[in-house]
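J.: Here it is, the structure, as structure tokens.
The values are calculated or read from the model by the stated rules, or taken from the named source; none is laboratory data. Please read these numbers as outputs of a predicted model, since none were measured by experiment. Cβ sites come from the backbone with ideal geometry, for glycine too, and all protein chains shown count toward neighbours.
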Amino acid sequence: MTINQTSKVLIIGAGPSGSIAGALLRNKGYQVTILERQQFPRFSIGESLLPQCMEFIQQAGMMEAVVEAGFQFKNGAVFVCGNRHTEFYFEDKFTDGIGTTFQVQRGRFDKVLADEAVRMGVDIHWLMDVVATDFSGERPKLTVKNQAGDTLYYEADFVLDASGFGRILPRLLDLESPSGFPVRQAVFGHIEDRIEDAQFDRNKIRVTVHPEHGDIWYWLIPFSNGRSSVGVVAKPEFYQAWGDDYDRALQDIIQQDQNLSQVLKNAVFDDKINTIIGYSANVKSLFGKGYALLGNAGEFLDPVFSSGVTIAMKSAVLAADILDRQFKNEPVDWEKDYALALQRGVDTFRVYVDSWYDGRFQDVIFHQNPDPEIKAMISSILAGYAWDEKNPYVKNARARFDTLAELCR
């Protein structure tokens, strides 16, 4: 095997976790090469960021570029179920830190981050498909196919898999593991929303519970250009009546909710409607000899609280810090400082995902007399600050929430 290129760190995927990790490592002086299978901009979901993301973007030195890109400002979330309605303002949170963020069309957002990584000195090789790996030697080796079908060989001191739903290393290294969540399917697309309702707040994501099925929900994410992302999440059997006609399915299911259909009464469905099924995923381990998994390549819970990009960026920050210490020959513990540290926040989000689908989260947030202090603690988690163990609803997430839900019921 003739090595075509070497790098200190190879990153698979130029999405948010890959670009953030690349920038952080490059800013510490390391050579970083990212191998990206697609060409940016490209479509992706995960469009409603959480304020915690902004802390990571700031650490990577990308804040100015993101702000200047003109994305839709976001300051909270609205939850609707029939006549019940509640709002969370993320600045009214328990945890210190940034309290606002953006709602983004990911094609453009991811390109902004990737361009910033390149500006900082990260080398991105586009249209490169990683097809095989070898972690048996002193340095990991990746076998890559380029757009022309040529085979290239890359070598590095360490590999970070930021391939998202592509899950390159989990597939190639047999790391896949059941997620524990029931299989669900999302049907979604971008629309020209033409929202005229003066009461509608474009600065918030709107999450609507289906009027008849408490485990089915809609998202509505307004963008800054008069368009929105709209989607519905349900178990696959719910869509069977529409077959493969997802355009009709999405529009019909929106009509099933009186409030949402009224908000979108003038909307133009002028773009492709997409679907993704069985998206929840897990792995046997988040790291191994010569590699670590970032973001969705490791674990993805559910889109309901928009936690995916936040977890991805958190994993990038943790991994970059550990790698820096490892390269300096300092003692590191990937299990403690990466896997378990990342899992603490993931497990917090998991409590809220579980309670969303069993209906208890609705009991809590739609309670008529919410305690302001408790609401601020929950707002912190919804804002992405799921690693703040000063917050009792993070430190003892499941026990605290179970007690609260019982009281609200």
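J.: When the residues of the range 264-273 are filtered to those that are touching a helix residue (DSSP H, G or I) at 6+ places or on another chain (Cβ under 9 Å) and at pLDDT 95 or above, which remaining residue is surrounded by the fewest Cβ atoms within 10 Å (Cβ to Cβ)? Talk me through it step by step, then tell me what you get.
T.: Residues of the range 264-273 that are touching a helix residue (DSSP H, G or I) at 6+ places or on another chain (Cβ under 9 Å), as a first pass: 264, 267, 269, 272-273.
Now drop any that are not at pLDDT 95 or above, which leaves 264, 267, 269, 273.
Values: 264: 24, 267: 19, 269: 17, 273: 19.
Among residues in the range 264-273 that are touching a helix residue (DSSP H, G or I) at 6+ places or on another chain (Cβ under 9 Å) and at pLDDT 95 or above, the one surrounded by the fewest Cβ atoms within 10 Å (Cβ to Cβ) is 269.
J.: Just for helices (runs of 4 or more DSSP H) wholly inside the range 361-409: which have at least 1 residues that are over 20 Å from residue 95 (Cα atoms)?
T.: Values: elements: 372-382, 392-395, 397-408.
Output list reads 397-408.
J.: Given the criteria touching a helix residue (DSSP H, G or I) at 6+ places or on another chain (Cβ under 7 Å) and in the same structural domain as residue 231 (by TED's automatic domain parsing), does residue 189 qualify?
T.: yes
J.: Which of the residues spanning the range 43-84 are surrounded by fewer than 21 Cβ atoms within 10 Å (Cβ to Cβ), in contact (Cβ under 8 Å) with a residue 60 or more places away in the chain and closer than 29 Å to residue 367 by Cβ?
T.: 73, 75, 78, 81, 82, 84, listed by residue number.
J.: Could you count how many residues in the range 120-158 are outside any strand (DSSP E or B) and in contact (Cβ under 8 Å) with a residue 24 or more places away in the chain?
T.: Qualifying residue count, the range 120-158: 9.
J.: Cβ-Cβ under 7 Å, sequence separation 6+ or interchain: first residue in the range 362-390 and free of Cβ contacts under 8 Å to residues at least 60 places away in the same chain and at negative phi, partner part of a loop (DSSP other than H, G, I, E, B) and surrounded by fewer than 18 Cβ atoms within 10 Å (Cβ to Cβ). Which pairs?
T.: Note: pairs meeting the criteria are 363/409.
J.: Tally the residues that are of a type in the set (A, V, I, L, M, F, W, C) and either part of a loop (DSSP other than H, G, I, E, B) or over 13 Å from residue 11 (Cβ atoms) (or both), restricting the search to the range 109-119.
T.: 2
J.: Select from the range 159-204 the residues that are small (Gly, Ala, Ser), in contact (Cβ under 8 Å) with a residue 24 or more places away in the chain and either in a strand (DSSP E or B) or closer than 15 Å to residue 260 by Cα (or both) and list them in ascending order.
T.: Correct list: 177, 186, 189.
J.: Now for a different question. Inside the range 265-317, can you point out the residues that are assigned to a loop (DSSP other than H, G, I, E, B) and in contact with a Leu (Cβ under 7 Å, 6 or more places away or on another chain)?
T.: 273, 280, 284, 285, 286, 294, 298, 305, 306, 307
J.: Among the residues of the range 230-264, count how many are part of a loop (DSSP other than H, G, I, E, B) and either without any contact (Cβ under 8 Å) to a residue 12 or more places away in the chain or within 17 Å of residue 195 (Cα to Cα) (or both). Write out each step before concluding.
T.: Initially, the range 230-264 is screened for residues part of a loop (DSSP other than H, G, I, E, B), giving 235, 243-245, 256-257, 264.
Next, only the ones that are either without any contact (Cβ under 8 Å) to a residue 12 or more places away in the chain or within 17 Å of residue 195 (Cα to Cα) (or both) stay: 243-245, 257, 264.
Residues flagged as part of a loop (DSSP other than H, G, I, E, B) and either without any contact (Cβ under 8 Å) to a residue 12 or more places away in the chain or within 17 Å of residue 195 (Cα to Cα) (or both) within the range 230-264 amount to 5.
Table: residues versus (1) over 29 Å from residue 139 (Cα atoms); (2) within 22 Å of the chain's Cα centre (by Cα); (3) surrounded by 15 or more Cβ atoms within 10 Å (Cβ to Cβ).
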residue: 239; (1), (2), (3): yes, no, yes
residue: 245; (1), (2), (3): yes, no, no
residue: 248; (1), (2), (3): yes, no, no
residue: 258; (1), (2), (3): yes, no, no
residue: 313; (1), (2), (3): no, yes, yes
residue: 317; (1), (2), (3): no, yes, yes
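J.: While we're looking at this one, here's another question. Which residues, counting only those in the range 281-306, are in contact with an Asp or Glu (Cβ under 6 Å, 6 or more places away or on another chain) and among the polar types (S, T, N, Q)?
T.: Scanning the range 281-306 gives a single hit, 282.
J.: Examine the range 143-154 for a residue that is surrounded by 13 or more Cβ atoms within 10 Å (Cβ to Cβ), basic (Lys, Arg) and within 13 Å of residue 35 (Cα to Cα), and state whether such a residue exists.
T.: Within the range 143-154, one or more residues are surrounded by 13 or more Cβ atoms within 10 Å (Cβ to Cβ), basic (Lys, Arg) and within 13 Å of residue 35 (Cα to Cα).
J.: Follow-up. On the basis of being of a type outside the set (Gly, Ala, Ser) and surrounded by 23 or more Cβ atoms within 10 Å (Cβ to Cβ), does residue 294 make the cut? Even if it seems obvious, please write down each step before you answer.
T.: On the way: of a type outside the set (Gly, Ala, Ser): yes; surrounded by 23 or more Cβ atoms within 10 Å (Cβ to Cβ): yes.
For residue 294, the condition - of a type outside the set (Gly, Ala, Ser) and surrounded by 23 or more Cβ atoms within 10 Å (Cβ to Cβ) - is met.
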